[in-house]
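Here the structure comes first, spelled out in structure tokens, and everything after it is commentary.
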Amino acid sequence: MKKRIAIFIILIIAIVFIIGVRTEPGRVIYGTDNTVTISKNEYERLVRNNEALKKYLLLEEAREFVEQNYYKEPDNQAMMDGAIQGLLQGLGDAYTFYYPKEAWKTLWEEDEGKYAGIGVQMLGNWRDSTVTIIRVFKDTPAEKVGLRKGDVFYKVEDIEVTTATMQDAVNTMRGTPGEKVKIEIIRNGETIPFELTKAEILVNRMEYTMLENNIGYIAIYEFAGEVDMEFRKAFEELQSKNAKGLIVDLRDNPGGWVEQGRRIADMFLDRGLLFYTEDRQGKKESSFTMDGKSNIPLVLLVNENSASTSEILSGAMKDYGRAKLVGTNTFGKGVIQNVVPLSDGVSGMQFTVAQYFTPKGNKVHETGIAPDVEIKLPKGDENKYFQFGNMEDPQLKKAYEVLLGEMN
């Protein structure tokens, strides 16, 4: 019996070394008689590791079958990328996905405001899994072929686009200038094909101007790059021009880096709770703004595509009564993702770690934030582009009127 146990333990040790599972220093002792002695705790840990590895036997079985029998030489890296993406897709979470090598590289290029692609901003809908264009950048392949805000993606090459495959579609539309990409969109119930040529895309994160009656107007299109510093410079310039009130437009802003939103909130809120998160164990973490706010009268413009960091900012402003919200109910993305590199140094993943709540404890996820003053765009104008700062935009006009009331 003792001999059998010894042989079993030696086999486990061999398996552990072969597959690369680490043992803690000093816990495995080689005797002078070529026997191996391990502690009871170490033995139990090795058995647990062995049980965990059994979960992946089917995956390895499938890989070996492909390796031996596929009709052509398989791309092992592509298979591994697909396996990791499939693992994450199994969560059924639209905001959790894998970045293979090239996608991981272009993620950071996009954050710098320059990348090769077609020039659209997209938003996945958790309600029906559709992916919609919410912004078409100026002077881009997308604008040239006639893509519009409100177009719903159907296919990118052979990928049927849903929230589950959205990142794959994005990866396919990125690449090298001059490459072709075929897409199909749904517009007014009709499926329309397009072929686009990828080009260098320069992203403008925000715009600003001065409206009549000394009202400043800043639109933030996403929380990325150095938009917080750009916002501060724009705000200071508007103040130098004697701005007495400010409209911040967050319509169609899908979010981005949370820290960008916090730094912008610092300009309008003294030290206090901005939001708090809660993970599945019930652990809570809080994020705070700093002292030094401006007391300028403030209105935020929001709509059904204002999501994530836009909702963090809007929720806090509403809870504290610091700003009036004008527009329509926000999107309802009340979860936080971490973006982390993987150990190969060239890939990474984004995954949802917690849900967040407004300072008063209001839930945002799948609920959104209701505006103080609701105004919808007229039927047929939901996806219309208005010239920046033009008062023909009914929602901007209402925000302007609300702000005048706050200033007087």
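Any read-out appearing in this document is the output of simple, stated calculations on the displayed coordinates, not a laboratory observation. The shown structure was predicted, so the numbers you read here are calculated from the model rather than taken from an experiment. All Cβ positions, even for glycine, are placed from backbone atoms using ideal geometry, and neighbour counts span all protein chains on display.
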About the Cα centre of the range 265-346, what is the dipole size in debye to 20, counting +1 per Lys and Arg Cβ and -1 per Asp and Glu Cβ, all else neutral? 240
Using a Förster radius of 56 Å, what is the FRET efficiency between Asp128 and Asn41 based on their Cβ-Cβ separation? Nearest 0.05, please. 0.65
Taking alpha-carbon centroids only, the range 123-141 lies from the range 36-109 a number of Å equal to 31
Mind checking the log10 I(q)/I(0) for the range 92-202 at q = 0.11, 0.13, 0.20 Å⁻¹? Debye, one equal scatterer per Cα, no solvent, two decimals. -0.31, -0.44, -1.11
Give the residue from Gln85, Gly321, Ser286 lying farthest towards the positive end of the charge dipole for the chain; charges sit on Cβ (+1 for Lys and Arg, -1 for Asp and Glu) and the dipole is referred to the Cα centre. Ser286
Once you charge only the Cβ atoms, +1 for Lys and Arg and -1 for Asp and Glu, what is the size of the charge dipole of the chain about its Cα centre, to the nearest 20 debye? 1060
Most exposed to least, judged by fewest other Cβ atoms within 10 Å, Tyr98, Tyr276, Tyr115, Tyr71 sort to Tyr71, Tyr276, Tyr115, Tyr98
For the range 92-202, build the charge dipole from Cβ charges (+1 Lys, Arg; -1 Asp, Glu) around the Cα centre, then report which of Asn188, Tyr98, Asn171 sits farthest towards its positive end. Asn188
Which one, Thr197, Asn390, Ser240, projects farthest toward the positive side of the charge dipole computed for the chain from Cβ point charges (K/R +1, D/E -1)? Ser240
Trypsin sites (Lys or Arg not before Pro) in the range 342-408 lying in a DSSP loop, each with at most 14 other Cβ atoms within 10 Å of its Cβ, come to Lys360, Lys376, Lys379, Lys384
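Kindly provide the trypsin sites (Lys or Arg not before Pro) of the range 86-184 that DSSP labels as loop, not H, G, I, E or B, and whose Cβ sees at most 11 other Cβ atoms within 10 Å.
On the way: sites: Lys101, Lys105, Lys114, Arg127, Arg135, Lys138, Lys144, Arg148, Lys149, Lys155, Arg174, Lys180, Lys182; in loops: Arg127, Lys138, Arg148, Lys149, Arg174.
Answer by residue number: Arg127, Lys138.
Return the loop-located GluC sites (Glu not before Pro) in the range 96-152 (DSSP other than H, G, I, E, B) with at most 15 other Cβ atoms within 10 Å of their own Cβ; answer none if there are none. Walk me through the numbers before you get to the answer.
Working: sites: Glu102, Glu109, Glu110, Glu112, Glu143; in loops: Glu112.
In loop regions of the range 96-152 (DSSP not H, G, I, E or B), the sparsely surrounded GluC sites (Glu not before Pro) are Glu112.
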Kindly put Thr352, Thr163 in sequence by how many other C-beta atoms sit within 10 Å of each C-beta, fewest to most. Thr352, Thr163
If R0 = 25 Å, then Lys114 and Met80, at their Cβ-Cβ distance, give a FRET efficiency to the nearest 0.05 of 0.30
How long is the chain along each principal axis, judged by its Cα atoms, biggest number first, in Å? 92, 51, 33
